[in-house]
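Rule-based calculations on the coordinates, nothing more; no lab input. In this text, all values refer to a predicted model and were calculated from it rather than measured experimentally. Cβ placement follows ideal geometry from the backbone for every residue including glycine, while neighbour counts extend to all protein chains displayed.
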Amino acid sequence: MALSTHRTTTALLRHLTPAISYLRHISTDSTSTITVETSVPFTGHKIEPPSRSVDTTAQELMSFFRDMALMRRMEIAADSLYKAKLIRGFCHLYDGQEAVAVGMEAAITRKDCIITAYRDHCIFLGRGGTLLESFSELMGRKDGCSKGKGGSMHFYKKEGGFYGGHGIVGAQIPLGCGLAFAQKYKNDENVTFTLYGDGAANQGQLFEALNMAALWDLPAILVCENNHYGMGTAEWRAAKSPAYYKRGDYVPGLKVDGMDALAVKQACRFAKEHALKNGPIILEMDTYRYHGHSMSDPGSTYRTRDEISGVRQERDPIERVRKLLLAYDIANEKELKDIEKEARKQVDEAIAKAKESPLPEPSELFTNVYVKGYGVESFGADRKEIRAALP
Amino acid sequence: MAAIVQGIGSTAAPSASSNKFLLSSLGSSLLEKKRNFFVVRSDGKCYTGLNQQQRRAQNVVTNAVATKEEKASAAVGSKPGHELLLFEALREGLEEEMDRDPCVCVMGEDVGHYGGSYKVTKGLAEKYGDLRVLDTPIAENSFTGMGIGAAMTGLRPIVEGMNMGFLLLAFNQISNNCGMLHYTSGGQFKIPIVIRGPGGVGRQLGAEHSQRLESYFQSIPGIQMVACSTAYNAKGLMKAAIRSDNPVILFEHVLLYNLKERIPDEEYVLNLEEAEMVRPGEHVTILTYSRMRYHVMQAAKTLVNKGYDPEVIDIRSLKPFDLYTIGNSVKKTHRVLIVEECMRTGGIGASLTAAINENFHDHLDAPIVCLSSQDVPTPYAGTLEEWTLVQPAQIVAAVEQLCL
């Protein structure tokens, strides 16, 4: 895959070299359009796939690199924190799949909603979450995005349009449908991206939700992040038809190389346009996770180390963007290394700050169970808390 | 506020100032819906005019039959109110709330064009359109999930389960998402959803359609459960549930939909967490809810003739329990009988027994007796079905036993 990208870019470069060298020193500020071809063409089901050529800018590519480096660094740091027993319980890491998060963000606005399952740390970051909130939540501290009460699987950011963070496989799909329903109800021209995995693709709720979304033309985009393993079970052992983008039957689908951030961006933009006009669409992101399903899973009992390192060498999303940046002379090796160092520094600082954050107060055990509002809370014998004012 | 606090549960008359407030709010309530609705206490303490009568009624023990809700409806101002059936009362409440707030929408099977399998949503689809009164396919799990997702963004959906038993299919969504999202998101999202539907034993509907499963939901943290039993409280609780920012499960009963009653013309909203004093008494506290209230009132007639004076409380709020009202009653009578339609094992009555024992043990003169339906699937045969439930004769016998 890397070879083909290189060939196409060198082919393009032959025509553009004079212009590119002119751009060399304006690297990160450049907003002139660069057209890149995706690694593989899109495959469509009941729909005409978008073109392989993606328009991007140097600025955007640099932001991809920066964001993905930060996400990768965050996940690796979370790995060490888990092994140091500062993060407990379940910790599902997203490294390898960063392209889906950044590509999607590049195509949409914060008014669009994203809802995903439990592998949510990087998407949270993409939606405007900070490293401090993320690490604090992982360690169960007060400064976490959910005040330490949610944990790894329950990151939410209301202002960023990020609806979580759900532990039960597939349960977020009808919720995503509901978000799309509300968007249609309010007529606000936004869409909902509902992410689920190849394991969840076998849940009945998905098909129920697809039926309803298609019936009422809800602006829902169902994104299957196919990392080929549902915990320890490979997709060919769990699904009779692993062509998840075709599973929608009457709902059109698109298969996308999920390790190519630009392809993801193109697909998401295409899907958003489609959903606003014609209703739901399924996107299957062909991606891969380097870690196991979670930190309790070594990840090597059901797949070979060769496979993992093979994907890392050939399809790694950060490497792909790095090669693009170098090929188009947008940045040099040193600058990119500096960005990675900067990411590491930011992550280390955030972890230090998060470690200082206190654990939640004991009284927090009972807060946020109910919303205080209409009606009276009856706590029990002889105590009745009265709401002060009638609305 | 101090005035109202003192007014709870005691027989003290409300102060003159609160009466004045009520009169003025009654007058303007018809004009300005937004500002001037009022919360009505279930024991009628806030009403003007008839307070003298009510107090006198409480002192007179020889009332043969329960003071019915007519006292409440007749007490409000000078209007006589209007008569309707319980499902129409639910519809009225629903319609008023949909008029008041455009974010309120209904979703469920056959709620739109068909008008609802129990006619609760009849005519609403024509008035509000297909998106606001949404006919869903038969997919409880996902349309309940859809309602919860919509609620996360600020809509106020009402999900109708055609029968509460079908909601078992949506249990994951109700338990994990509906109840917990407010907590696990650290308060970022609230879920102002109402899940309602009929449950309970009907007329030979068979085991799967006669489930008494309020107790299955009672442990879910974060939700509130209420059960309506009269047209008056059905409308009031429906409105309160819709306005509440918490997820509320409203349990109706299949056999109560055609109860005719006179309810006030004015807008009123009831308190979700409060129990209703149906018949004040001295000898024994009978706690009940939903359809069993009527079996209890029938038994009360017999009991009064035999010289007993039962105090009947319709607990209405199944989660949380209104331990305040219940506690005051227990302190007065020292004997408790719980009559419910829920299952014997792990039912609402079982939890209530535990709660009362924990909190009021010193005030009890006898162990709490709990009459619930049998731990069997509801049989089809009429006589067997009858014996699955608590009958008035059993209630009379239990009270006699308890008051020995």
> Which of the peptides A:48-56, A:318-326, A:136-144, A:176-184 is most tightly packed, and how do the rest follow, judged by the mean count of other Cβ atoms within 10 Å per residue?
Replying inline: A:176-184, A:136-144, A:318-326, A:48-56
>> Tell me whether the range A:94-136 comes out rounded, prolate or oblate; compute the Cα gyration tensor, take square roots of the eigenvalues as a ≥ b ≥ c, and use a/c under 1.5 as the rounded threshold.
In response: oblate
>> As an exercise, take the mean of 1/r over every pair of distinct alpha carbons in the range A:252-315, invert it, and state the Kirkwood radius in angstroms.
In response: 13.7
>> Per residue of the range B:232-243, what does 6.51 cos²θ - 1.76 cosθ + 1.60 with θ = phi - 60° give for ³J(HN,Hα)? Whole Hz please, x for Gly and Pro, Karplus curve as stated.
In response: 4, 6, 4, 5, x, 6, 4, 5, 5, 5, 5, 7
>> Starting from the Kirkwood Rh over alpha-carbon pairs, what translational D in µm² s⁻¹ does the range A:9-360 have by Stokes-Einstein at 25 °C and 0.890 mPa s?
In response: 119
> How big is the range B:194-330 by the Kirkwood estimate over distinct Cα pairs, in Å?
Replying inline: 15.8
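Just checking the output field for A:202-215: average partner chain Cβ neighbours within 10 Å of each residue's Cβ?
Mean partner shielding for this stretch: 4.
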> What's the angle, to the nearest 10 degrees (0 to 90), between helix A:305-315's Cα axis and the longest principal axis of chain A?
Replying inline: 70
> Convex hull over the Cα atoms of the range B:192-273, averaged projected area in nm²?
Replying inline: 5.9
> Taking the radius of gyration and the Kirkwood hydrodynamic radius from Cα positions alone, what is the Rg/Rh ratio for the range A:221-359, to two decimal places?
Replying inline: 1.05
> Scattering from the C-alpha atoms of the range B:276-403 alone, worked out with Debye: what is log10 I(q)/I(0) at q = 0.16, 0.17, 0.21 1/Å?
Replying inline: -0.72, -0.81, -1.23
>> Using amide H atoms built in the peptide plane, which far-off residues or other-chain residues are under 5 Å from B:E273 H to H?
In response: A:V376
> Sequence-distant or interchain residues sharing an amide H contact under 5 Å with B:V111, placed H: which?
Replying inline: B:G116, B:T136
>> Take the residue pairs A:K111/A:K246; A:K85/A:K147; B:K239/B:K301; A:K111/B:K190; A:K272/A:K341 and return only those whose Cα atoms are more than 26 Å apart.
In response: A:K111/A:K246; B:K239/B:K301; A:K272/A:K341
> Which order, highest average first, do B:186-194, A:226-234 follow once you tally other Cβ atoms within 10 Å for each residue and take the mean per peptide?
Replying inline: B:186-194, A:226-234
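Looking only at other chains, what is the average number of their beta-carbon atoms within 10 angstrom of each beta-carbon in A:166-174?
5
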>> Inside 10 Å of the C-beta atoms of A:141-149, what's the mean count of C-beta atoms belonging to other chains?
In response: 3
> Got a sec to turn the phi values of the range A:168-182 into Karplus ³J(HN,Hα) couplings, 6.51 cos²θ - 1.76 cosθ + 1.60 with θ = phi - 60°, whole Hz, x for Gly and Pro?
Replying inline: 7, 4, x, 5, 7, 5, x, 4, x, 4, x, 4, 5, 4, 5
> If you build a Gaussian network model of chain A, linking Cα atoms that sit under 10 Å apart, which residue out of A:D286, A:D297, A:D79 swings the most?
Replying inline: A:D297
>> How large is the translational diffusion coefficient of the range B:82-264 in µm² per second when you combine the Kirkwood radius over alpha carbon pairs with Stokes-Einstein at 10 °C and 1.306 mPa s?
In response: 99
>> Skipping prolines and chain starts, which residues have an amide H placed within reach, meaning under 5 Å, of the one on A:S30, given they are 5 or more residues away or on another chain?
In response: A:Q59
>> For the range A:68-176, compute the orientation-averaged projected area of the C-alpha convex hull (one quarter of its surface), in nm².
In response: 6.3
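If you count, for each residue, the other Cβ atoms within 10 Å and average over each peptide, how do B:161-167, B:94-100 line up from highest to lowest?
Top of the packing list down: B:161-167, B:94-100.
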>> I need the phi-derived Karplus couplings for the range B:193-198: 6.51 cos²θ - 1.76 cosθ + 1.60, θ = phi - 60°, integer Hz, Gly and Pro marked x.
In response: 9, 10, 10, 9, x, x
